[in-house]
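**Q** Before we start, here is the structure in question, set down as structure tokens.
The values are calculated or read from the model by the stated rules, or taken from the named source; none is laboratory data. Note that the coordinates shown come from a computational prediction; the quantities given were computed from them, not determined experimentally. Positions of Cβ are backbone-derived with ideal geometry, glycine not excepted, and every protein chain shown enters the neighbour counts. Heads up: the accessible areas ignore ligands, DNA and RNA and are worked out on the full protein's heavy atoms, side chains in. Shrake-Rupley method; radii C 1.70, N 1.55, O 1.52, S 1.80 Å.
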Amino acid sequence: MTHALSEEPSVDIDIEEIMRLIPHRPPFLMVDRAEDYRAHRSIVGIKSVTINEPYFVGHFPGRPVMPGVLIIEAFAQTGGVLMSKSLQVDVENKGIMFISVDNCRFRHPVRPGDVLRMPVEVLRARGDVVKFRGRGLVGDKVAAEAEFAAMLIDVPT
């Protein structure tokens with residue numbers, strides 16, 4: 001993803017467009033909408049966390065907390081939306097695969113009723129591999145943070 005930095009206006013992305021950009025579907029779709037998309041640079045994913053999420057049945061009864069691995073998955077899906085839209089990925093023939101996570105920290109629980117805001121920025125892009133930094137915010141509290149990478153692949157036919 002080579003590009004010149006420009007000051008283009010930010011764009012918001014609704015759920016219908018998200019489902020055109022990445023293949024995930026409920027109950028595994030972890031991004032409800034996105035704000036402040038800037039091609040090849042950054043995006044803010046939004047996940048409205050509700051008690052209806054299927055994982056709350058067992059994580060944890062009486063003390064529901066969003067699993068950390070699903071927060072990181074939400075970061076990865078947000079990065080996938082950024083990558084797919086920036087590169088105009090042909091989702092019928094190409095896929096975006098999460099390939100690594102580094103420097104992951106969980107700092108504050110995410111609970112039903114929370115809105116998880118996920119600013120994700122591109123750290124570097126080389127060929128079909130993009131490295132990102134993501135943070136998960138609930139209000140002014142950092143819930144989680146990580147660096148992660150994704151790769152554009154051919155989808156087997």
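**Q** If you check V110, V81, V89, which single one turns out to be closer than 13 Å to L21 by Cα and assigned to a loop (DSSP other than H, G, I, E, B)?
**A** Step by step, each of V110, V81, V89 is checked, and only V89 is closer than 13 Å to L21 by Cα and assigned to a loop (DSSP other than H, G, I, E, B).
**Q** Here is a follow-up. In segment 136-157, how many are without any contact (Cβ under 8 Å) to a residue 24 or more places away in the chain and surrounded by 13 or more Cβ atoms within 10 Å (Cβ to Cβ)?
**A** So the answer is 1.
**Q** If you don't mind, another one. What are the residues in segment 29-53 that are part of a strand (DSSP E or B) and either of a type in the set (K, R) or at positive phi (or both), if any?
**A** R33, D36, R38, K47
**Q** For the list (1) modelled with pLDDT of 95 or more; (2) more than 16 Å from I43 (Cα to Cα), I need the number of the one condition that V91 fails.
**A** Answer for V91: the failing condition is (1).
**Q** Next question. Inspect all residues belonging to segment 66-73 and state whether any of them is open to solvent by less than 20 Å² (accessible area, probe 1.4 Å), assigned to a loop (DSSP other than H, G, I, E, B), aliphatic (A, V, I, L, M) and modelled with pLDDT of 95 or more.
**A** yes
**Q** Does D102 qualify as being on the phi > 0 side of the Ramachandran plot and at pLDDT 95 or above?
**A** For D102, the condition - on the phi > 0 side of the Ramachandran plot and at pLDDT 95 or above - is not met.
**Q** Which condition breaks for V91 when tested against (1) free of Cβ contacts under 8 Å to residues at least 60 places away in the same chain; (2) touching a Pro at 6+ places or on another chain (Cβ under 7 Å); (3) open to solvent by 40 Å² or more (accessible area, probe 1.4 Å)?
**A** (1)
**Q** Please determine, by comparing only the residues of segment 30-65 that are among the small types (G, A, S) and loosely packed, with under 15 Cβ neighbours inside 10 Å, which one is farthest from L123 (Cα to Cα).
**A** Applying the filter and picking the extreme gives G62.
**Q** Considering only segment 102-133, how many residues are touching a residue at least 40 places away in the same chain (Cβ under 8 Å), touching a helix residue (DSSP H, G or I) at 6+ places or on another chain (Cβ under 6 Å) and either open to solvent by 40 Å² or more (accessible area, probe 1.4 Å) or not aliphatic (A, V, I, L, M) (or both)?
**A** Final tally of qualifying residues: 1.
**Q** How many residues, within segment 9-26, are in a loop (DSSP other than H, G, I, E, B), at pLDDT 95 or above and more than 12 Å from the chain's Cα centre (by Cα)?
**A** Matching residues across segment 9-26 total 4.
**Q** Of the conditions (1) assigned to a loop (DSSP other than H, G, I, E, B); (2) touching a residue at least 24 places away in the same chain (Cβ under 8 Å), F60 satisfies every one except a single condition; which number is it?
**A** Every listed condition holds for F60 apart from (2).
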